[in-house]
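K.L.:
The structure is given below, and queries will be raised subsequently.
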Amino acid sequence: MWRKAWSVLPPNATAQDRRDIIDRISAEQRKPLPPGIEARIMVARHGLRTVRVVVFRRTQNDPAPCHIYMHGGGFVQGSPETHDEIAVGIVARTGQTVVSIDYSLAPERPFPAAVLDCEAAIYWVFETADDLGIRRDAVSVGGDSAGANLAAVMALVFRDRPQKLKGQLLFYPVVDTDTGRPSYSRNANGPIITTEGVRQTWAAYCGSDDLRDKSALIAPLRAANHRRLPPAFVAVAENDPLVDEGLAYAELLERSGVPVALRTGEGLIHGYLRAMQYSQAVRREFEAACNWLSQLYAV
């Protein structure tokens, strides 16, 4: 189904061409919101930055934990709407409010625009927590693929700030710019993403090879240290070019004293959350993630 949907992509496709296709795929898959869950489009403002967000929550007014989600899409495509099944699923299974960030996309707005957007949105969540019905003592971050990169970066950025993040949920994360690991050869042709596609993604997001190799805000695996980061849920996929770096990041976090729940995703592929309605194996992985989120705040 995925291959068929993308087969219409022009040979010299622009970023907007790709966005149009994923928007259409997502619209065709979208289901109505379940009873008792609402989605509200809002503008997060912090300093000089304004960021569109979508707040998914139960319609009850009790203060709830908050999960701040960053969608995947290789830094060049995607939105809260293309990944709303994930956000809605988290709300339905955990009762937590999900704030999904519509961060800046490359190549029109390359690094560090997305990082600054996510940082501003997190500040806004803490600043407006009372109005949003959010518990300031129960805020986590998460994302898939490129969104998991941004979530891992946010865990580093806020490590020593008063706004404490309680967990980081990372689905098949891209956390390094090195495409020389064995899985990049073993799974070079996907499915869903390819090794060459990952290289093109990095070029669109940050351009300069020198910048790619040096900044932990691009490649969180390369941070000087990973101590005192919030607990992590790391879910990789066996048949994914990114699997080796995801496993390396989970191992590095554990060596740094960070509690890690690792899901190795046997038999699964990159982007598997898009197949939630078709695959029992995917639903099991998602349930495990939601259970982990719930247990972050278990008494």
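K.L.:
Please give the number of the condition Tyr172 fails out of (1) without any contact (Cβ under 8 Å) to a residue 12 or more places away in the chain; (2) closer than 12 Å to Glu245 by Cβ.
P.N.:
Among (1) without any contact (Cβ under 8 Å) to a residue 12 or more places away in the chain; (2) closer than 12 Å to Glu245 by Cβ, Tyr172 violates only (1).
K.L.:
Separate question: Can you tell me which of Arg19, Arg93 is over 22 Å from Val198 (Cβ atoms), out of contact with any strand residue (DSSP E or B) (no Cβ under 6 Å at 6 or more places or on another chain) and either in contact (Cβ under 8 Å) with a residue 60 or more places away in the chain or not charged (D, E, K, R) (or both)? Break it down stepwise before answering.
P.N.:
Values: Arg19 fails: over 22 Å from Val198 (Cβ atoms).
Going through Arg19, Arg93 in turn, the sole match is Arg93.
Residues are listed down the side, and each one gets a yes or a no for (1) of a type in the set (Ser, Thr, Tyr); (2) under 14 Å from Thr50 (Cα atoms):
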site: Pro80; (1), (2): no, no
site: Asp84; (1), (2): no, no
site: Gly89; (1), (2): no, no
site: Pro110; (1), (2): no, no
site: Glu119; (1), (2): no, yes
site: Tyr123; (1), (2): yes, yes
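K.L.:
Still on this model: Kindly evaluate Asp130 against the criterion of being touching a strand residue (DSSP E or B) at 6+ places or on another chain (Cβ under 7 Å), acidic (Asp, Glu) and either without any contact (Cβ under 8 Å) to a residue 24 or more places away in the chain or within 28 Å of Arg199 (Cα to Cα) (or both). Spell out the reasoning first.
P.N.:
Working: touching a strand residue (DSSP E or B) at 6+ places or on another chain (Cβ under 7 Å): no; acidic (Asp, Glu): yes; either without any contact (Cβ under 8 Å) to a residue 24 or more places away in the chain or within 28 Å of Arg199 (Cα to Cα) (or both): yes.
No, not satisfied.
K.L.:
Does Asp84 qualify as being in contact with a Phe, Trp or Tyr (Cβ under 8 Å, 6 or more places away or on another chain) and closer than 19 Å to Phe56 by Cα? Show your work before the answer.
P.N.:
Details: in contact with a Phe, Trp or Tyr (Cβ under 8 Å, 6 or more places away or on another chain): yes; closer than 19 Å to Phe56 by Cα: yes.
Here the answer is yes, as Asp84 does meet what is asked.
K.L.:
Can we say Ala235 is surrounded by fewer than 19 Cβ atoms within 10 Å (Cβ to Cβ) and of a type outside the set (Val, Ile, Thr)? Quick ask: steps written out before the conclusion?
P.N.:
Values: surrounded by fewer than 19 Cβ atoms within 10 Å (Cβ to Cβ): no; of a type outside the set (Val, Ile, Thr): yes.
Against the criterion (surrounded by fewer than 19 Cβ atoms within 10 Å (Cβ to Cβ) and of a type outside the set (Val, Ile, Thr)), Ala235 does not qualify.
K.L.:
Within segment 120-144, take every residue that is under 17 Å from Leu156 (Cβ atoms) and among the small types (Gly, Ala, Ser) and give me the one that is surrounded by the fewest Cβ atoms within 10 Å (Cβ to Cβ).
P.N.:
Filtering segment 120-144 for residues that are under 17 Å from Leu156 (Cβ atoms) and among the small types (Gly, Ala, Ser), the one surrounded by the fewest Cβ atoms within 10 Å (Cβ to Cβ) comes out as Ala120.
K.L.:
So, in segment 194-203, of the ones that are at pLDDT 95 or above and open to solvent by 40 Å² or more (accessible area, probe 1.4 Å), which residue ends up farthest from Pro107 (Cα to Cα)?
P.N.:
That would be Thr194.
K.L.:
Those residues that are modelled with pLDDT under 95 and either open to solvent by less than 30 Å² (accessible area, probe 1.4 Å) or not hydroxyl-bearing (Ser, Thr, Tyr) (or both), I need them from segment 281-299; list them, please.
P.N.:
Just the residues of segment 281-299 that are modelled with pLDDT under 95, to begin with: 297-299.
If the condition is that a residue be modelled with pLDDT under 95 and either open to solvent by less than 30 Å² (accessible area, probe 1.4 Å) or not hydroxyl-bearing (Ser, Thr, Tyr) (or both), then Ala298, Val299 are the ones that fit.
K.L.:
So, one more: Is it fair to say Pro173 is in contact with a strand residue (DSSP E or B) (Cβ under 9 Å, 6 or more places away or on another chain), of a type outside the set (A, V, I, L, M, F, W, C), closer than 18 Å to Gly74 by Cα and modelled with pLDDT under 95? Before you say what the answer is, go through the steps one by one.
P.N.:
Details: in contact with a strand residue (DSSP E or B) (Cβ under 9 Å, 6 or more places away or on another chain): yes; of a type outside the set (A, V, I, L, M, F, W, C): yes; closer than 18 Å to Gly74 by Cα: yes; modelled with pLDDT under 95: no.
Against the criterion (in contact with a strand residue (DSSP E or B) (Cβ under 9 Å, 6 or more places away or on another chain), of a type outside the set (A, V, I, L, M, F, W, C), closer than 18 Å to Gly74 by Cα and modelled with pLDDT under 95), Pro173 does not qualify.
K.L.:
Also: Do we have Val99 as modelled with pLDDT under 95 and either over 20 Å from Phe286 (Cβ atoms) or outside any loop (DSSP other than H, G, I, E, B) (or both) here? It would help to see each step written out before you state the result.
P.N.:
On the way: modelled with pLDDT under 95: no; either over 20 Å from Phe286 (Cβ atoms) or outside any loop (DSSP other than H, G, I, E, B) (or both): yes.
The answer is no for Val99.
K.L.:
Within segment 239-280, work out how many residues are in contact with a helix residue (DSSP H, G or I) (Cβ under 9 Å, 6 or more places away or on another chain), without any contact (Cβ under 8 Å) to a residue 40 or more places away in the chain and open to solvent by 10 Å² or more (accessible area, probe 1.4 Å).
P.N.:
Residues meeting the conditions: 13.
K.L.:
Hey, among the residues in segment 102-119 that are open to solvent by less than 20 Å² (accessible area, probe 1.4 Å), part of a loop (DSSP other than H, G, I, E, B) and free of Cβ contacts under 8 Å to residues at least 60 places away in the same chain, which one's nearest to Pro80 (Cα to Cα)? First the steps, then the outcome.
P.N.:
First, pick out the residues of segment 102-119 that are open to solvent by less than 20 Å² (accessible area, probe 1.4 Å): 103-104, 106, 113-115, 117-118.
In the following step, the residues that additionally are part of a loop (DSSP other than H, G, I, E, B) were identified as 103-104, 106.
Imposing the further condition that a residue be free of Cβ contacts under 8 Å to residues at least 60 places away in the same chain reduces the set to 103-104.
Numbers: Tyr103: 9, Ser104: 12 Å.
Among those that are open to solvent by less than 20 Å² (accessible area, probe 1.4 Å), part of a loop (DSSP other than H, G, I, E, B) and free of Cβ contacts under 8 Å to residues at least 60 places away in the same chain, it is Tyr103.
K.L.:
Here is a follow-up. Checking Ile218 against (1) surrounded by fewer than 20 Cβ atoms within 10 Å (Cβ to Cβ); (2) touching a residue at least 60 places away in the same chain (Cβ under 8 Å); (3) not charged (D, E, K, R), which single condition isn't satisfied?
P.N.:
With respect to (1) surrounded by fewer than 20 Cβ atoms within 10 Å (Cβ to Cβ); (2) touching a residue at least 60 places away in the same chain (Cβ under 8 Å); (3) not charged (D, E, K, R), Ile218 is out only on (1).
K.L.:
When you go through Ala39, Ala5, Ala44 one by one, which is the residue that is surrounded by 11 or more Cβ atoms within 10 Å (Cβ to Cβ) and closer than 21 Å to Gln200 by Cα? Don't jump to the end; show me each part of the working.
P.N.:
Details: Ala39 fails: closer than 21 Å to Gln200 by Cα; Ala44 fails: closer than 21 Å to Gln200 by Cα.
The match here is Ala5.
K.L.:
Can you tell me which of (1) at pLDDT below 95; (2) out of contact with any Pro (no Cβ under 8 Å at 6 or more places or on another chain) is the one Cys206 doesn't meet?
P.N.:
Of (1) at pLDDT below 95; (2) out of contact with any Pro (no Cβ under 8 Å at 6 or more places or on another chain), only one is false for Cys206: (2).
K.L.:
Any chance you could count how many residues in segment 55-72 are buried (at least 24 other Cβ atoms within 10 Å of the Cβ) and either touching a Pro at 6+ places or on another chain (Cβ under 7 Å) or of a type outside the set (A, V, I, L, M) (or both)?
P.N.:
Residues meeting the conditions: 6.
The values are calculated or read from the model by the stated rules, or taken from the named source; none is laboratory data. Here the structure is a predicted model, which is why all the values come from computation and not from measurement. All Cβ positions, glycine included, derive from the backbone under ideal geometry; neighbour counts span all protein chains shown. Note: accessible area is taken over every heavy atom of the protein model, side chains too, but ligands, DNA and RNA are not part of it. Shrake-Rupley method; radii C 1.70, N 1.55, O 1.52, S 1.80 Å.
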